[in-house]
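Trainee: Below are the structure tokens for one structure; questions will follow.
The values are calculated or read from the model by the stated rules, or taken from the named source; none is laboratory data. Note that this is a predicted model, so its numbers are computed, not measured. For neighbour counting, all protein chains shown are included, and Cβ atoms are generated from backbone atoms with ideal geometry for every residue, glycine included.
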Protein chains: 2
Amino acid sequence: MAQNDTVTRILDAAEVLFAEQGFAETSLRTITAKAGVNLAAVNYHFGSKKALIQAVFARFLGPFYKLIEVSLDNHEKQYPDSVLSIEDILKFVARAMANVTEGDRNRLAIFMRLLGLAYNQGQGHLRKFLQTEYKTLYRRVMALIARATPELQPVERYWRFHFMLGAAAFTLSSMEHLRAIVEHDFNTKCTEEEVVGYLLPFLAAGIRAK
Amino acid sequence: MAQNDTVTRILDAAEVLFAEQGFAETSLRTITAKAGVNLAAVNYHFGSKKALIQAVFARFLGPFYKLIEVSLDNHEKQYPDSVLSIEDILKFVARAMANVTEGDRNRLAIFMRLLGLAYNQGQGHLRKFLQTEYKTLYRRVMALIARATPELQPVERYWRFHFMLGAAAFTLSSMEHLRAIVEHDFNTKCTEEEVVGYLLPFLAAGIRAK
DNA sequence: GTATGTTTGAAACAGATGTTTGAATTATTA
DNA sequence: TAATAATTCAAACATCTGTTTCAAACATAC
């Protein structure tokens, strides 16, 4: 009980702090202070800071993976041979993402930031962790997109997929900052759902360009 | 002579290392070792690490700023009252970017990675630096985009602008890695120009969605 | 209740970090 | 050339980093 509680509190604190400050900028002392646990607890329960970062990621990755797999399986059972549109595919992904991150507004941002870092940090440990863990899901989604955009050349489709990923990862990971600017410049507040509502049509139109 | 040389060598080394590893992950000792200068030189010439980071940025943004200003001025003189299309605006930006980073293939990626890092790393002193220092250029480009997309609501235009920025920053900053995958999966090599050639139509279609 | 294994706690560890210092070197100028 | 200013350099600075240690507290099973 106490063990599980300590682990959860560390993950919760680390999640928020990583999203606010980044990984290297967040020290274990800051995390354990926020979590209200002893400094040594991180190394005792996770082994290292690196392993903690992966554990924070895994807590998103696992449920997200299962959720989207199940929902795609269900849809294919219910409507076999149906060809999903780009909008449908994006909705599947967005819904799984929303379900995984629901409850805490910041969880979508850190998920996206982790995603971006895994892609960008050249020799980082996160990308390999992600690639091995995500490979089958990536291929499945890519196959769906290919069916939805048969007119595209494979190479251009590949790039457009990553343009989509980039637009999503970049904006959602720094959503707090961007929303603050919106509030200052336009005197309007944007909910997370509204931003996603803006995002999906942009992505769909982009991948269908020309 | 020696002064200027030292300053340049520090900036060159820092530029590459920041892009490879991030800001917090790159130590002054690594930078000065790569630059072949003494450790104290950074604090002597720049004052602090924070100031060095801003100086690295300024070296890109300064020329970029001037180049795009001049080319827009020229165009407006030559074709007064003309309304630029989104494609035209993107071409202006892309050409200025290409000119600023020309000579070194990696500088575009470095520039984009720095931009991405600036947006979602650290406590945001870089974001503020960017916002205050290049506010007029941002406003000018935004005004051009507004004229090209009169049907858009200001808030949605703002978000779509950052979707574009994200798609560009994310993909161009990890271009080496993404290109390697293309080569492996499709047996095709992509030049930098080809990727930009894929990118611009995607962005233009995205911001004009629906 | 005693013994066993698990978890916490305060303290220390070894190393890296940005920064400062003051003397030595180099460049500039009169 | 002599005086002055600018720059380099090795060393030390104080602080922060992730990690380890080992005794104390706790839980669990016999």
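Trainee: Determine, yes or no, whether A:Asp88 is on the phi > 0 side of the Ramachandran plot and more than 18 Å from the chain's Cα centre (by Cα).
Mentor: Spelling it out, it is not the case that A:Asp88 is on the phi > 0 side of the Ramachandran plot and more than 18 Å from the chain's Cα centre (by Cα).
Trainee: If I go through segment A:144-201 residue by residue, how many of them are of a type in the set (A, V, I, L, M) and in contact with a Cys (Cβ under 8 Å, 6 or more places away or on another chain)?
Mentor: Total satisfying the criteria: 2.
Trainee: Here is a follow-up. Pairs only if they're at least six apart or on different chains, beta carbon under 9 angstrom, first in segment B:36-48 and over 22 Å from B:His125 (Cβ atoms) and more than 6 Å from DNA strand D (Cβ to nearest atom), second assigned to a helix (DSSP H, G or I) and not hydroxyl-bearing (Ser, Thr, Tyr); list them, first residue then second.
Mentor: From residues that are over 22 Å from B:His125 (Cβ atoms) and more than 6 Å from DNA strand D (Cβ to nearest atom), the pairs are B:Gly36/B:Arg9; B:Gly36/B:Ala13.
Trainee: Can you tell me which residue among A:Phe23, A:Phe46 is buried (at least 19 other Cβ atoms within 10 Å of the Cβ) and modelled with pLDDT of 95 or more?
Mentor: A:Phe46
Trainee: Where in segment A:1-61 are the helices (runs of 4 or more DSSP H), entirely inside, with at least 3 residues that are away from DNA strand C (no atom under 14 Å from the Cβ)?
Mentor: Counting at least 3 such residues, we get A:2-21.
Trainee: Pairs only if they're at least six apart or on different chains, beta carbon under 7 angstrom, first in segment B:159-177 and under 14 Å from B:Ile86 (Cβ atoms), second among the basic types (Lys, Arg) and surrounded by fewer than 24 Cβ atoms within 10 Å (Cβ to Cβ); list them, first residue then second.
Mentor: none
Trainee: Could you grab me the full set of residues in segment B:179-202 that are within 20 Å of A:Thr171 (Cα to Cα) and at the interface with chain A (Cβ under 7 Å from one of its Cβ atoms)?
Mentor: Hits for segment B:179-202 are B:Leu199, B:Pro201, B:Phe202.
Trainee: Another question, then. Restricted to segment A:141-164, and to residues that are under 17 Å from B:Ala168 (Cα atoms) and more than 7 Å from chain B (Cβ to nearest Cβ), which residue is surrounded by the fewest Cβ atoms within 10 Å (Cβ to Cβ)?
Mentor: Among those that are under 17 Å from B:Ala168 (Cα atoms) and more than 7 Å from chain B (Cβ to nearest Cβ), it is A:Arg157.
Trainee: May I ask you to say which residue of A:Ala168, A:Ala205 is facing another protein chain (nearest Cβ under 9 Å) and surrounded by fewer than 22 Cβ atoms within 10 Å (Cβ to Cβ)?
Mentor: A:Ala205
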